1. Where does the chain land at 222 nm, in deg cm²/dmol rounded to the nearest 500, when only DSSP H runs of n ≥ 4 count, each adding -39500 (n - 2.57), divided by all residues?
2. Once each part is reduced to its C-alpha centroid, what is the distance from the stretch 1-46 to the stretch 149-201 in angstrom?
3. If r is the Cβ-Cβ distance from GLN64 to LEU153 and R0 is 45 Å, what FRET efficiency results, to the nearest 0.05?
4. Do me a favour and compute the ellipsoid semi-axes for the chain from its Cα gyration tensor, root of five times each eigenvalue, largest one first, whole Å.
5. Relative to the Cα centre, what is the charge dipole magnitude of the chain, using +1 at the beta carbon of each Lys and Arg, -1 at the beta carbon of each Asp and Glu, and rounding to the nearest 20 debye?
6. Could you report the chain's accessible area per residue, 1.4 Å probe, as an integer in Å²?
7. For the chain, with all protein chains present and a 1.4 Å probe, just round the carbon and sulfur fraction of the accessible area to a whole percent.
8. With every protein chain left in place and a probe of 1.4 Å, what is the accessible surface of ARG134, to the nearest 10 Å²?
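The values are calculated or read from the model by the stated rules, or taken from the named source; none is laboratory data. These figures come from a predicted structure and were not determined experimentally. Backbone-built Cβ (ideal geometry, glycine too); neighbour counts: all protein chains shown. To get the accessible areas, we keep the full protein, side chains included, count just its heavy atoms, and leave off ligands, DNA and RNA. Shrake-Rupley method; radii C 1.70, N 1.55, O 1.52, S 1.80 Å.
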Amino acid sequence: MLDAHANRERWRSLARDAERISQLDLPRHLQRLPAEQAAWLRIHAARNLEQWDTVLGLGPTFRQTYPGSALVPAVDAIVRSTLTLRADAEDGHRMMQEELRAEEDRATRDITRLEALGRPDTEARRRLDYQRCRLPAEKRFHAEALAPCRAFLAAWSVATTPAELGEYRDVRGLEIKALVGLRRYTEAREHLAAFLASDPEGEPRTRARAVVQGIPAEAEE
């Protein structure tokens, strides 16, 4: 069962069932101890779910519980690479926040200047809303991207120039990619279908269809 979950990339089911089986005192089968294999696959599932803290907690526990296991080197390798991934993600998040603050400062200056001149500030506000979606989405901070992407689509659904139309299309694609990143596959497929139905010429620039088609057939949300 655990092997089937892993082969089908059903990581949530793998995490749930591996946790349960790791607590059972089952006899060795086909040269493998079920509890040991389950503990290893629980780490593997957490890694694929990007649950960094869980991996870093379970790794040392596995080594203590099964010090002679042939899987210890693999577990140690996952722990080391997870430390690197977490550090990279933290650095990337700080950089994204700095870029976003710079965009907000720029927008504040532009809006203040335009208001003083009695001129419309629509373009500055639109640009800021676009960056609030684009920056986290392109850096794969999906949870932080989804709400501002949807806010942009709600606020700026009408495009008056080719550049604005391009941004609107980009954001539709970024929303779909964020949904896939969050494993909200049903929503992603529904939004892609709506995108293709309403704007078949716009989707190719976003490659949203390729991302949705890349979802494994049996992957779970």
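1. About -24500 deg cm²/dmol.
2. With the stretch 1-46 and the stretch 149-201 each reduced to a Cα centre, they are spaced 38 Å.
3. Working: r = 50 Å, r/R0 = 1.10.
Once the sixth-power term is evaluated, E becomes 0.35.
4. 45, 21, 11
5. On the way: 35 positive and 36 negative charges, 65 e Å.
Once rounded to the nearest 20, the dipole reads 320 debye.
6. Numbers: 12660 Å² over 221 residues.
Spelled out: the 1.4 Å probe surface of the chain, per residue, equals 57 Å².
7. Numbers: 6440 of 12660 Å².
Using a 1.4 Å probe with all protein chains present, the chain comes out at 51 percent carbon and sulfur.
8. Counting only protein heavy atoms, ARG134 exposes about 50 Å² to solvent.
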